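Notes to accompany the following structure.
The values are calculated or read from the model by the stated rules, or taken from the named source; none is laboratory data. As the structure is a computational prediction, the values presented were derived from the model and not from experiment. Cβ placement follows ideal geometry from the backbone for every residue including glycine, while neighbour counts extend to all protein chains displayed. All accessible areas refer to the heavy atoms of the entire protein, side chains included, with ligands and DNA or RNA removed. Shrake-Rupley method; radii C 1.70, N 1.55, O 1.52, S 1.80 Å.
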Amino acid sequence: MSFQAYIANIMAITKTTPEAMKNKAAKDGLLTPDLTASKFVDWLAEEYKLGRGHSMALWKLFIEKGWIVVKTSKIKTSKK
């Protein structure tokens, strides 16, 4: 499954957008400097019933958008 297919599938499953998920994560206090992928995956499983594959696609998207800052990541960010 391509990256875009994962994102489209996530939106179909959850009936929400990644931006709305980011806002909920911020409201829930999840987007902290010490956030780990494991904690993010657990939160998505609890809030949206997503599995690891879909959650890791969102992890990548959140880093690319600059919504999560991970010092050791090699993923390029847009930092909007």
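See the values below:
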item	result
Top-ranked residue of the range 1-28 - restricted to ones that are hydroxyl-bearing (Ser, Thr, Tyr), farther than 15 Å from Glu46 by Cβ and under 13 Å from the mean Cα position of the chain (by Cα), ranked as modelled with the highest pLDDT	Thr17
Residues being surrounded by fewer than 17 Cβ atoms within 10 Å (Cβ to Cβ) and either within 18 Å of Gly66 (Cα to Cα) or of a type in the set (A, V, I, L, M, F, W, C) (or both) - total across the range 5-17	6
Residues within the range 25-41 that are surrounded by 14 or more Cβ atoms within 10 Å (Cβ to Cβ), over 13 Å from Lys65 (Cβ atoms) and not aromatic (Phe, Trp, Tyr), tallied	4
Contacts under 7 angstrom Cβ, first residue in the range 1-30 being more than 16 Å from Trp59 (Cβ to Cβ), partner open to solvent by 60 Å² or more (accessible area, probe 1.4 Å) and at pLDDT below 95, 6 or more apart	none
Lone qualifier among Leu50, Leu31 - being in a loop (DSSP other than H, G, I, E, B), at pLDDT 95 or above and of a type in the set (A, V, I, L, M)	Leu50
So Lys74, is it modelled with pLDDT under 95, in contact with a helix residue (DSSP H, G or I) (Cβ under 7 Å, 6 or more places away or on another chain) and surrounded by fewer than 17 Cβ atoms within 10 Å (Cβ to Cβ)	no
